[in-house]
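Participant: I am attaching a structure below and will ask some questions about it afterwards.
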């Protein structure tokens, strides 16, 4: 009997180990991460490019988030580092900013991706540490996507690196892009991190009465500072506001569980696109909406991504011809 | 375009050529057992950090989450992973606007506010200013004036005394600990608010070529659904009530050299102005 129980536990542990290995260590194609690299890199470039307009005011040597204040906000922690703390001359300050932008653009285009990826995430974190008081969800998602993409060979496809490598080997050579475990690791980390984001966002909402009484969406619609498209006509449809509120809450809370089964995944991903683009359109946070959709791409199988890209390329070629 | 092919060293099905996503189902695992073990340990530690951080950085938080967060905070803070992810949670609240008036040497003045959608473009820049005004509010809402501080202290002391009198030393210690932690938060918020407001004033003075400035933090409450259904607009001044505004004081322009030796101006607390949450 005991032997039977022992082997049962052993079998169960073996199954777990097998599942664990299959989840983390089966190599994958970098197709999806390559597309995510392009989107995240462009978003990093835009996000930091916009800082150029107010760089001195916000991050400057004597700006609102100058070194002393940034240090105090960060509790003088040696781990909350920022390169701005090492700069004390305007020329270096601006030079570094333009260098950071160039690095992010290089990452988006997949040029020297290994180096530009690591530098991009370091710069993104550095800016966020400097001006923490002006950051929001966009920067949080930007940084964690860049972090996981930087550890993966996401520059192996759809990149200048792969184009140049192919050119170097000759036009007729069919370059082989091996699947990689690092792609799987990065993909899984993005997926799990995204589930944590939705889980806590959902659980946080469960503390608010407005999410229970079905009026929270009204709070978002009626915020004058957020509003870009007027949806206040919905005030005549309070039950519809209830339905939208409760549906959004149910979707967010269930996301970490329902996005994994193949049957429910497409529905939850489509809802993610609708919710985030809706927030982008109606509340003026298009950058945040887009980066959340980009993060959700991690759940798209590389095979589907490749097929989609190949389809787009062949259509474009047909049009050109 | 480069073609994907499985790594020749490992028999992995090709997932890139329209074959159903079968790599996982095939269960072909790369890397040696030792390498997988150490990478698994690192993954578990990192994922633990990712989960602990949102439990520990936002109130309400448990002692266990705070305790677990301490050793991992260098990692989570260093990589900018220390977030609560409470988007529109616990619920969408009022927004906060910094209103200011800058006075110039020639006697003229200019009024403004941020965030200001007419002035701050593109939208991402507007959001930066919006987050700045929300940060000002966040610090302001955590500060108390002298009178309230004294009242709070005497309340806590009498609670501790009654607990000690009833031999409940454990809870008395707990109340004392909570009080000290809240007091530290208050002092930190007060110091940060003072510095932040000072920096914003200096920036606005420089921007508008002013010599002095007056600033306050206004709160725009969310209008009720029924008010709006009856035709009231979102920018109705009634939703910016004076009694909810927090005075952020006056200030004058200082050069960086003078700033180094001059003490920062005190900022009236949120509670003293009748605002805050």
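The values are calculated or read from the model by the stated rules, or taken from the named source; none is laboratory data. This structure is a prediction, so every number in the text was calculated from the model and none was measured. Neighbour counts are summed over all protein chains in view; Cβ atoms, including those assigned to glycine, are modelled from backbone coordinates with ideal geometry.
Participant: Is it the case that residue B:85 is buried (at least 17 other Cβ atoms within 10 Å of the Cβ), at pLDDT 95 or above and more than 10 Å from every other protein chain (Cβ to nearest Cβ)? Explain how you work it out, then say what you get.
Facilitator: Values: buried (at least 17 other Cβ atoms within 10 Å of the Cβ): yes; at pLDDT 95 or above: yes; more than 10 Å from every other protein chain (Cβ to nearest Cβ): no.
In short, no.
Participant: Name every residue in segment A:150-164 that is within 8 Å of another protein chain (Cβ to nearest Cβ) and either part of a helix (DSSP H, G or I) or surrounded by fewer than 23 Cβ atoms within 10 Å (Cβ to Cβ) (or both), in order of residue number.
Facilitator: Scanning segment A:150-164 gives a single hit, A:162.
Participant: So, one more: For segment B:47-69, which positions are in contact (Cβ under 8 Å) with a residue 24 or more places away in the chain and either part of a loop (DSSP other than H, G, I, E, B) or out of contact with any helix residue (DSSP H, G or I) (no Cβ under 6 Å at 6 or more places or on another chain) (or both)?
Facilitator: Step one: filter segment B:47-69 for residues in contact (Cβ under 8 Å) with a residue 24 or more places away in the chain, giving B:48-50, B:52-54, B:57-58.
Across segment B:47-69, the qualifying residues are B:48, B:57, B:58.
Participant: While we're looking at this one, here's another question. Select from segment B:209-229 the residues that are buried (at least 19 other Cβ atoms within 10 Å of the Cβ), more than 26 Å from the chain's Cα centre (by Cα) and at pLDDT 95 or above and list them in ascending order.
Facilitator: Narrowing segment B:209-229 to residues buried (at least 19 other Cβ atoms within 10 Å of the Cβ): B:210, B:213, B:215-220, B:222-223, B:225, B:228.
Then drop every residue that is not more than 26 Å from the chain's Cα centre (by Cα), which leaves B:210, B:225, B:228.
Within segment B:209-229, B:210, B:228 qualify.
Participant: Quick test for you: out of A:303, A:274, pick the one residue that is in contact with a helix residue (DSSP H, G or I) (Cβ under 8 Å, 6 or more places away or on another chain) and either buried (at least 17 other Cβ atoms within 10 Å of the Cβ) or modelled with pLDDT of 95 or more (or both). Don't jump to the end; show me each part of the working.
Facilitator: Details: A:274 fails: in contact with a helix residue (DSSP H, G or I) (Cβ under 8 Å, 6 or more places away or on another chain).
After ruling out the rest, the residue left standing is A:303.
Participant: For residue A:47, state whether it is farther than 30 Å from residue B:73 by Cβ, in contact with a helix residue (DSSP H, G or I) (Cβ under 8 Å, 6 or more places away or on another chain) and touching a residue at least 40 places away in the same chain (Cβ under 8 Å). Working first, answer last.
Facilitator: Numbers: farther than 30 Å from residue B:73 by Cβ: no; in contact with a helix residue (DSSP H, G or I) (Cβ under 8 Å, 6 or more places away or on another chain): yes; touching a residue at least 40 places away in the same chain (Cβ under 8 Å): yes.
No.
Participant: Let me ask something else about it. Collect the residues in segment A:182-198 that are surrounded by fewer than 22 Cβ atoms within 10 Å (Cβ to Cβ) and either more than 30 Å from residue A:249 (Cβ to Cβ) or at pLDDT below 90 (or both), keeping them in residue-number order.
Facilitator: If the condition is that a residue be surrounded by fewer than 22 Cβ atoms within 10 Å (Cβ to Cβ) and either more than 30 Å from residue A:249 (Cβ to Cβ) or at pLDDT below 90 (or both), then A:182, A:185 are the ones that fit.
Participant: Can you work out which of the residues in segment B:241-272 that are in a loop (DSSP other than H, G, I, E, B) and in contact with a strand residue (DSSP E or B) (Cβ under 6 Å, 6 or more places away or on another chain) is modelled with the highest pLDDT? Walk me through how you get there before you give the answer.
Facilitator: Here is the first cut: in segment B:241-272, the ones in a loop (DSSP other than H, G, I, E, B) are B:241, B:245, B:253-255, B:262-270.
From what's left, in contact with a strand residue (DSSP E or B) (Cβ under 6 Å, 6 or more places away or on another chain): B:245, B:265, B:267-268, B:270.
On the way: B:245: 93, B:265: 53, B:267: 53, B:268: 52, B:270: 49.
Filtering first and then ranking leaves B:245.
Participant: Go through (1) assigned to a helix (DSSP H, G or I); (2) closer than 30 Å to residue A:242 by Cβ one by one and return the number of the condition residue A:214 breaks.
Facilitator: Result: residue A:214 passes all but (1).
Participant: Do you know which residues across segment A:203-239 are over 25 Å from residue B:218 (Cα atoms), touching a helix residue (DSSP H, G or I) at 6+ places or on another chain (Cβ under 6 Å) and more than 9 Å from chain B (Cβ to nearest Cβ)?
Facilitator: The one that is over 25 Å from residue B:218 (Cα atoms), touching a helix residue (DSSP H, G or I) at 6+ places or on another chain (Cβ under 6 Å) and more than 9 Å from chain B (Cβ to nearest Cβ): A:214.
Participant: So, residue A:288, is that one at the interface with chain B (Cβ under 9 Å from one of its Cβ atoms), closer than 30 Å to residue A:309 by Cβ, crowded, with 22+ Cβ neighbours inside 10 Å and touching a helix residue (DSSP H, G or I) at 6+ places or on another chain (Cβ under 7 Å) or not?
Facilitator: Numbers: at the interface with chain B (Cβ under 9 Å from one of its Cβ atoms): yes; closer than 30 Å to residue A:309 by Cβ: yes; crowded, with 22+ Cβ neighbours inside 10 Å: yes; touching a helix residue (DSSP H, G or I) at 6+ places or on another chain (Cβ under 7 Å): yes.
Answer is yes for this residue.
Participant: When the residues of segment A:59-87 are filtered to those that are within 8 Å of chain B (Cβ to nearest Cβ) and assigned to a helix (DSSP H, G or I), which remaining residue is nearest to the chain's Cα centre (by Cα)?
Facilitator: So the residue we want is A:73.
Participant: Follow-up question, since we're still on this one. Considering segment A:165-202 alone, what residues qualify as being part of a loop (DSSP other than H, G, I, E, B), more than 10 Å from every other protein chain (Cβ to nearest Cβ) and on the phi < 0 side of the Ramachandran plot? Spell out how you get there, then give the answer.
Facilitator: To start, the set of residues in segment A:165-202 that are part of a loop (DSSP other than H, G, I, E, B) comprises A:170-175, A:178-179.
Still in the list and also more than 10 Å from every other protein chain (Cβ to nearest Cβ): A:170-172.
Answer for segment A:165-202, where residues must be part of a loop (DSSP other than H, G, I, E, B), more than 10 Å from every other protein chain (Cβ to nearest Cβ) and on the phi < 0 side of the Ramachandran plot: A:171, A:172.
Participant: Can you pull out the residues in segment B:129-175 that are over 18 Å from residue B:198 (Cα atoms) and in contact with a helix residue (DSSP H, G or I) (Cβ under 6 Å, 6 or more places away or on another chain)? Spell out the reasoning first.
Facilitator: Pass one, segment B:129-175, residues over 18 Å from residue B:198 (Cα atoms): B:144-175.
Across segment B:129-175, the qualifying residues are B:144, B:145, B:148, B:156, B:159, B:160, B:163, B:164, B:171, B:172, B:175.
Participant: Could I ask something else about it? Without any contact (Cβ under 8 Å) to a residue 24 or more places away in the chain, under 18 Å from the mean Cα position of the chain (by Cα) and in a helix (DSSP H, G or I): which single residue out of A:147, A:138, A:119, A:105 fits that description? Give the derivation first.
Facilitator: Working: A:147 fails: without any contact (Cβ under 8 Å) to a residue 24 or more places away in the chain; A:138 fails: without any contact (Cβ under 8 Å) to a residue 24 or more places away in the chain; A:105 fails: without any contact (Cβ under 8 Å) to a residue 24 or more places away in the chain.
None of the others qualify; the one that does is A:119.
For every residue, the table says whether it meets (1) surrounded by 18 or more Cβ atoms within 10 Å (Cβ to Cβ); (2) more than 20 Å from residue B:249 (Cβ to Cβ); (3) more than 14 Å from every other protein chain (Cβ to nearest Cβ).
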residue: B:109; (1), (2), (3): no, no, yes
residue: B:112; (1), (2), (3): no, no, no
residue: B:124; (1), (2), (3): yes, yes, no
residue: B:143; (1), (2), (3): yes, no, yes
residue: B:155; (1), (2), (3): no, yes, yes
residue: B:168; (1), (2), (3): no, yes, yes
residue: B:174; (1), (2), (3): no, yes, yes
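Participant: Anything in segment A:217-247 that is in contact (Cβ under 8 Å) with a residue 40 or more places away in the chain and in a helix (DSSP H, G or I)? List them, or say none. Working first, answer last.
Facilitator: Applying the first criterion (in contact (Cβ under 8 Å) with a residue 40 or more places away in the chain) to segment A:217-247 yields A:220-221, A:223, A:226-229, A:231.
Residues satisfying the conditions are A:220, A:221.
Participant: Here's another thing I want to ask about it. Run residue B:61 past the list (1) at pLDDT 95 or above; (2) out of contact with any strand residue (DSSP E or B) (no Cβ under 7 Å at 6 or more places or on another chain); (3) more than 10 Å from chain A (Cβ to nearest Cβ) and report the number of the one that doesn't hold.
Facilitator: All conditions pass for residue B:61, except number (1).
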